[in-house]
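A short write-up of the structure that comes next.
What follows draws every value from the coordinates through simple rules; no lab data is involved. Just so it is clear, the model here is predicted, and its values are computed rather than measured. Please note: Cβ atoms are built from the backbone with ideal geometry, for glycine as well, and neighbour counts cover all protein chains shown.
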Amino acid sequence: MTDTRADTTRDMDQMAEASFGDYVALLKPRVMSLVVFTALVGVLVAPTPMHPFLAMTSILFIALGAGASGALNMWWDADIDAVMKRTARRPVPAGKVKPGEALGVGMALSGISVVMLWLAANLVSALLLAFTIFFYAVVYSMWLKRSTPQNIVIGGAAGAFPPMIGWAVATGGVSVESVLMFALIFMWTPPHFWALALFMKEDYSNAGVPMLTVTHGRKSTRTHILVYTILLAPVAIGAAFTSIGGPIYLATALVLNAGFLLGAWRIWRRDEVQAEADKYAVEKQVFRFSLYYLFLHFGAFLAEAALRPYGIGGW
Amino acid sequence: MAFREEHEIHKRRFGRNLGVGLTLALFIGIVFGLTVVKVTSVGQMQGFDHVLRPELLPKEGAAKP
């Protein structure tokens, strides 16, 4: 009898105990994959060649820094994550990792990633990474997310820094090109997330996060998506005329921005009755398109850089 | 025969310990690799204190080969 109870207690402990994978999940691997890709593009399109090992380790530590800020975000937002369906299974709200552990992992990895990036690359890129972690964990998670419906607009800066850090890794500085890569992600983030918020409305309402859909209404959110998509287009197309652009990028940007504008226009024209009728088909379509939009823009930057030695890429 | 009986926690935490061990091994590998690349790519430095060796610089006014 006693043995059975002891076994049961042990089984419960085993269920609650975190595996290595749970600690990896704290670092938001899916977000890290986007960070790795955009930072890699930042390094590869820069005019200064780098030793491949230094480039590889620098990108690894940029990704680790992004993961650290993800762990800090999960520590701070555990109460919100527990309420939202999309995030309820994250390690902290699921009870697998203690909040204090998430804080410890986040702080330790923040320090390691910044110092190692400094050693692998340079001080400018390390300072940019430190600022990105601070911006995401403190400015976005602790301050903006719960206090303003513009949280996504300003918070989007955190996700926009990786290509700029990648560029700084290679060149040791900031330039028009790196600012435009930053601006591309920065302007893309609001319409991308607001399209998601339109069809994930229950989640954000239940968690009490002041998303635009909750505070200003859904019609206003649709207008905001259109306005930000219009503002995004010149930034995305403008990058074509810098040293990292070229005809391939220009053609890609023209097609993708026309597609995104059309999608935003379709979202703006609809009302809730129409959206409910087809289960937010257009909003979901635009959200998916926005993922390809960003991937293909950065892919086009990469194509220009890769083809330049053969006389095809660039102007 | 084992010197010490394996505790249940050793089996239970094997995966986590293995993950931490491999991560640390990777980290050591990266630091070693960085050291090798930095030392071999910086050029004319004295090994013991990482400073430039003035005697290796071309002398001013010396005829170019």
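Across the stretch A:175-315, Cα-Cα pairs farther apart than 28 Å form 25% of the total. Over chain A, dividing the summed -39,500 (n - 2.57) contributions of all DSSP H runs of at least 4 residues by the number of residues returns a 222 nm mean residue ellipticity of -25000 deg cm²/dmol.
Among A:Phe301, A:Phe295, a tally of other beta-carbon atoms within 10 Å of each Cβ gives an order, fewest to most, of A:Phe295, A:Phe301. Cβ-to-Cβ counts within 10 Å put A:Val179, A:Val273, A:Val114 in ascending order as A:Val273, A:Val179, A:Val114, the fewest first. Projecting label points 7 angstrom from Cα along Cα→Cβ for A:Ile112 and A:Thr148 puts them 3.4 nm apart. Percent of C-alpha pairs per 10 Å bin in the stretch A:54-199, short distances first: 12, 37, 35, 15, 1. When each full DSSP H helix of chain A is screened for a Cα extent of at least 27 Å along its own axis and an average Kyte-Doolittle hydropathy of at least -0.5, the helices passing are A:52-76, A:99-120, A:151-171, A:176-199, A:218-238, A:247-269, A:281-307. Size of chain A: Rg and Dmax of its alpha carbons, in Å, are 21.2, 80.
Which entries in the list A:Lys85/B:Lys11; A:Lys98/A:Lys201; A:Lys28/A:Lys96; A:Lys98/A:Lys284; A:Lys98/A:Lys145 go over 27 Å, if you measure between the two C-alpha atoms of each? Listed pairs above 27 Å: A:Lys85/B:Lys11; A:Lys98/A:Lys201; A:Lys98/A:Lys284. Take the alpha-carbon centre of the stretch A:120-161, take the same for the stretch A:185-201, and report the distance between them in whole Å. Cα centroid to Cα centroid, the span is 17 Å.
Projecting the Cα atoms of A:Gly104, A:Leu296, A:Val35 onto the dipole axis of the protein assembly as shown, where Lys and Arg carry +1 and Asp and Glu carry -1 at the beta carbon, places A:Leu296 farthest toward the positive end. Using R₀ = 30 Å, calculate the FRET efficiency as 1/(1 + (r/R₀)^6) where r is the Cβ-Cβ separation of A:Arg86 and A:Phe53; round to 0.05. Result of the calculation: an efficiency of 0.20.
Let me know the longest stretch in chain A that avoids all trypsin sites (Lys or Arg not before Pro) found in a DSSP loop with at most 14 other C-beta atoms within 10 Å.
Free of exposed loop sites, the longest segment is A:90-278.
Using only side-chain charges placed at the Cβ, +1 for Lys and Arg and -1 for Asp and Glu, the dipole size of the protein assembly as shown relative to its Cα centre rounds to 560 debye.
Put in line by how crowded their Cβ is, counting other Cβ atoms within 10 Å and starting with the fewest, A:Thr48, A:Thr38 read A:Thr48, A:Thr38. Label-to-label distance for A:Val138 and B:Arg4 is 4.3 nm, based on points extended 7 Å past Cα in the beta-carbon direction.
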